[in-house]
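Single-structure report; data block below.
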Amino acid sequence: MAVTRDSERVETLYIRIGRGFAVESRLEGRELPAGALDPAALAAVAEVGPDEQGARLFAALDAPAREAWRLAAALAPRRRIRLRIDDDAPELHALPWEALRDTSAAATARVPAADRDTPFSRQVPWSWALPGPVAARPLRVLGAVAAPAGLDAYGLPPIDRPGEEACLAEAMAAAPAGLVEPTALAGHCSLVALEAALEGGYDVLHLVAHGVLRDGELALFLEREGGGVERVAGASFAAMLERLDRRPRLVVLMVCSSATRSVDDPRRGLAPAVLAAGVPAVLAMQDLMPIDTGRAFTRALYGELWAGGEVDRAANRARATLLTGGLRGSAVPVLYSALADNRLFTPRAPASAGGSDEPALSSALADEQLSTPRAGGSDEPNVYSALADDRLSTPRAGGSDEPGRDARRGLSIPRNDLAAGDDPARGAPRGLSTPRSEPDRGAWQALGGPFHGVCAARGRDGRVELFAIDAAAAQLHVRRQQQPGGPWGAWEAAQPGVVDACAAVDERGVVSLFTVGPRGEVTWRERHDAGGWAGRQPLAGEATQLAVACGLRGAFTALAVDSGGLLQSCAQRQAGGAWDEWEGDWEDDDEQHLQIGLARDGRGLLSVFTLRTDHSLWQSSQDARGEYRDWRRLATELRRVHVLANAGGRLRLTAIGEDGALLHRVEREPGGPWGPWQRIVGAYRDAIAAPRQADVALLAIDGEGAACCLTGAGARVALGGPALVRLVAAEDGAGALHVFGLDPTGTLHHRPLP
C-alpha cells in the first residue's frame, strides 16, 4: 500500500492482460474474477474518434472482467491502477488505455487515468529490486530542447526553443524552495552533449524533440554541432543512457510517438529501450502531441509532482487539466513505471548530503560498469539482486573455500563455510548485539552470532531486511531498518525450526521468506505491510539446497536439490496464490550439484544455474512459453559462482576460479549470447556483484580474509574490518549499500557504504 499526502492508505489494483487477451485482476492480496477482452470489440476501437475510444475499450471487457473492475472500485474507491500488458499480446500495447472510460452507472472514476483517486500507469517487468524514492535534495532536473534547422525537409514544423524552455522554467519554478535544481542544456542538443551533461548525475531528464516512426523504430531528430538535424536511432539513445554511471530515475519524452511499440515485437521502440537501459520510469507519447497540449501537460505534470512526489498521480492530474481545458491529446501521454508506489520522492524528507567529488570507478568488464562506494549517498535505482533470490554460493567442508555437496542454497552461508577448527557451533552462543541508534558509516559493527548463514532483501518501502541463520540451534533471526538510510530496529523474536533461508521479492515489492527445516521441509511466508509475517505455508518436498525467483507472471518458482541429489522445482499457480506439486523432470540430471541458483532476465524469463561436482557451470533457460531449454555448459574449473541481472536486464556471472582468480561474464542482451569471461588475477576467497545504484559494486574477499571493492582493472578499494569468509550486500531506498560479512567464528558484521 501507498500513503497519499493526506495520509489515507491507497491499495493497488494490478491488471494483467496476456496471451488470448486473458485479463487477470488482483487488489493487493485479493484475487478478483478472471476475464478476457473481446477481440471483435477491440477491433472496433480504431473505428471511432478519440472521445469514444475509451468507452469502446471498457465495452471490450467481458462480464467477469467488468465484475472484477466493479469489485475493485467498491472495495477500494481510492486505488492505484497498474496495467501490465504481456509481450505475447503485442497488438494491445498500441491501444489508448489512458482513455479508458468506465461507462457503468455506478462509476466513481469515469476516466481512471485522469482522476486523482485512481492514479494510472502501465507496469513494466523489472528484473531487479524496485527502486525507492529519491532521498537526496535538491532533485536534479536536466531540460533539453532539440530544435535543429532544416526540419522542413522532413515535413516537420520548427520547434520553438525559447518557448519550450520558458514553459519548462515555469514548471520548475513551481517547486518549493530547495526541492529542485533545474539545468537547461546549453548549446546544441546533440547525443554527445546530452551524454556529457547527464554524466553529472540527474534524477529527471525532460527532452523535447521531434520523432519519426518507421517500421516500428523511432528516430529522434536531435542537433548536430552545426545546428542541422542529427538523426539518432532510439536504440542509440537508450544505449547512451545505459552507459551512464548514474541514470535518471524519470525520463519525460515530449517526443511524438515515443511510446509507440512495434506490432511484431513490443520490445522494439524508444520507451521500451529506455526502460531496458535501466530507467525505472518513462513518460512518453503514444501519438502526435499538439504543441499547446504538450506545454499545458508539462506545467500541470510538474506542478503536481513537486507537491506530492508521485509520478502517476501527477500524470493523472496533467491529463485532467487537458480534459478540463478542452485540449486534444489527453490520452497521448503514457507512463511506464517500475517505481515502488510510483513515487519519485517523499515530500518533506530530510535533505541528504551532497554528492562526493570522488569519481566513479568504471569497469572494462564486458562493457559493464562496476561502481565503488561513494561518499554523499546516491539515489539511483537498484538492480534486481541475486542477493535476494538468485545467489549461488556454498563452500566445501574442511576449511576449503570450494563448494561442497551438503551445502544449502546460495543466499545462506552454511556452517561448512567456516574453517574446521573455527566452527562456531562448538562455542557458546554470544547472543545478538543491541542495535546502535544510528548507523556508523565508517566502521564495521558486530551484530552477534554465531551464525551459519545470512541473506538480505529490500522491500518496496526501501528498507533492507536481514535474515541470519543459526543452524545449530535451528533458529532464524530477523532484523530490518526502521526507515531507508536510517537506524535498524531490534532483532525480532527467533523463528524456530529453520536451518536455511532465502528471501525473495515479488513484482509488488513484497518480501517473501522461504525456509528449510531440519528435515529438509520447505515453507513460505509473506511480510505484511504492517510489519508482521503471514503464517507459514508448507510447500511439501524436501531440500538440501533452495533457490527462488519471481517469474514472468509475478509468481514465484522454487528450485531445490533433494536428499537424493536430484533437482526438483515447483511454481505458484498465480502471484500470491497456491503452489503446484514438486516436479523432477530435468533431463540429464545425473550429476551432484554443488550450487544452484535462479535468475530472472529483462524479459521476465528464468534461468537455472548449477555448479556440478566436476566444477563445471551449466545453464538452462526458459523460452517464451516458459519451457526450459537443454542444458549448456558455460565454464569449467570454478569454485564459487554468483548471478544477478543488471540494470539492463542482462544476466551477470561472477565466479572464483580454481586458481583463485576472479572471473566475470555478462550477457550481450537479455536471453542472448554471453560475452567473454573477463579475469582479475589474484587469490580470492569469495566475490559478489552487489546492487549499487543503477550499476553494481564488485565486492570480494581475498585470501587473507580482507574485504575490498574491485574495479574492472583489478584495483582494490579496501573496506577494512575483520577477516571474513563470506559476503552479502543489499542497497536501501536511500542509496546506501549495506555490506554484511561472516568471520571464521560465525560473528556477523555490518558496514553501510553511503
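The values are calculated or read from the model by the stated rules, or taken from the named source; none is laboratory data. Not measured: the values here are computed from a predicted model. All Cβ positions, even for glycine, are placed from backbone atoms using ideal geometry, and neighbour counts span all protein chains on display.
The table that follows gives values for the structure above.
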quantity	calculated
Strands (runs of 3 or more DSSP E) contained entirely in the stretch 616-663, each with at least 1 residues that are surrounded by fewer than 19 Cβ atoms within 10 Å (Cβ to Cβ) and on the phi < 0 side of the Ramachandran plot	617-621, 632-635
Restricting the stretch 697-754 to residues that are β-branched (Val, Ile, Thr) and assigned to a strand (DSSP E or B), the residue that is farthest from VAL134 (Cα to Cα)	ILE701
Residues being closer than 21 Å to THR293 by Cα and of a type outside the set (Phe, Trp, Tyr) - total across the stretch 211-257	12
Among the candidates ARG79, ARG26, ARG56, ARG30, residue that is of a type outside the set (A, V, I, L, M, F, W, C), out of contact with any Gly (no Cβ under 8 Å at 6 or more places or on another chain), over 27 Å from GLU304 (Cα atoms) and modelled with pLDDT of 90 or more	ARG56
Qualifying residue in the stretch 156-165 (condition: in contact with a strand residue (DSSP E or B) (Cβ under 8 Å, 6 or more places away or on another chain), surrounded by fewer than 17 Cβ atoms within 10 Å (Cβ to Cβ) and either within 30 Å of ALA72 (Cα to Cα) or in contact (Cβ under 8 Å) with a residue 60 or more places away in the chain (or both))	yes
Among (1) more than 23 Å from the chain's Cα centre (by Cα); (2) modelled with pLDDT under 95; (3) within 28 Å of ASP732 (Cα to Cα), the one test that TRP126 misses	(1)
Strands (runs of 3 or more DSSP E) lying entirely in the stretch 176-248 (those with 1 or more residues that are within 29 Å of ALA645 (Cβ to Cβ) and touching a residue at least 40 places away in the same chain (Cβ under 8 Å))	204-214, 217-223, 229-233
All positions within the stretch 89-122 that are modelled with pLDDT under 90 and under 30 Å from ALA503 (Cβ atoms)	none
Any hit, the stretch 17-32, residues being of a type in the set (Phe, Trp, Tyr) and either on the phi > 0 side of the Ramachandran plot or surrounded by 22 or more Cβ atoms within 10 Å (Cβ to Cβ) (or both)	yes
PRO125 vs. criteria in contact with a strand residue (DSSP E or B) (Cβ under 9 Å, 6 or more places away or on another chain), assigned by TED's automatic domain parsing to the domain that holds ASP292 and either surrounded by 15 or more Cβ atoms within 10 Å (Cβ to Cβ) or in a loop (DSSP other than H, G, I, E, B) (or both)	no
Residue among TRP524, TRP491, TRP533 that is modelled with pLDDT under 90 and of a type in the set (Phe, Trp, Tyr)	TRP533
Enumeration of residues in the stretch 556-590 that are crowded, with 17+ Cβ neighbours inside 10 Å and either modelled with pLDDT under 85 or over 29 Å from ILE17 (Cα atoms) (or both)	ALA560, VAL561, LEU567, GLN568, ALA575, GLY576, TRP586
Test: residue in the stretch 171-183 that is more than 26 Å from ALA318 (Cα to Cα) and either modelled with pLDDT under 95 or of a type in the set (A, V, I, L, M, F, W, C) (or both)	no
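Per-residue answers, yes or no, for (1) closer than 30 Å to GLU181 by Cβ; (2) touching a Pro at 6+ places or on another chain (Cβ under 9 Å); (3) part of a loop (DSSP other than H, G, I, E, B); (4) not charged (D, E, K, R):
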| site | (1), (2), (3), (4) |
| --- | --- |
| ALA36 | no, yes, no, yes |
| LEU57 | no, yes, no, yes |
| GLU67 | no, yes, no, no |
| ILE81 | no, yes, no, yes |
| LEU95 | no, no, yes, yes |
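Matching residues to (1) over 25 Å from LEU151 (Cα atoms); (2) touching a Leu at 6+ places or on another chain (Cβ under 9 Å):
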residue: VAL192; (1), (2): no, no
residue: HIS206; (1), (2): no, yes
residue: ARG224; (1), (2): no, no
residue: GLY227; (1), (2): no, no
residue: ARG246; (1), (2): yes, yes
residue: LEU253; (1), (2): no, yes
residue: ALA276; (1), (2): yes, no
residue: PHE297; (1), (2): no, yes
residue: TYR302; (1), (2): yes, yes
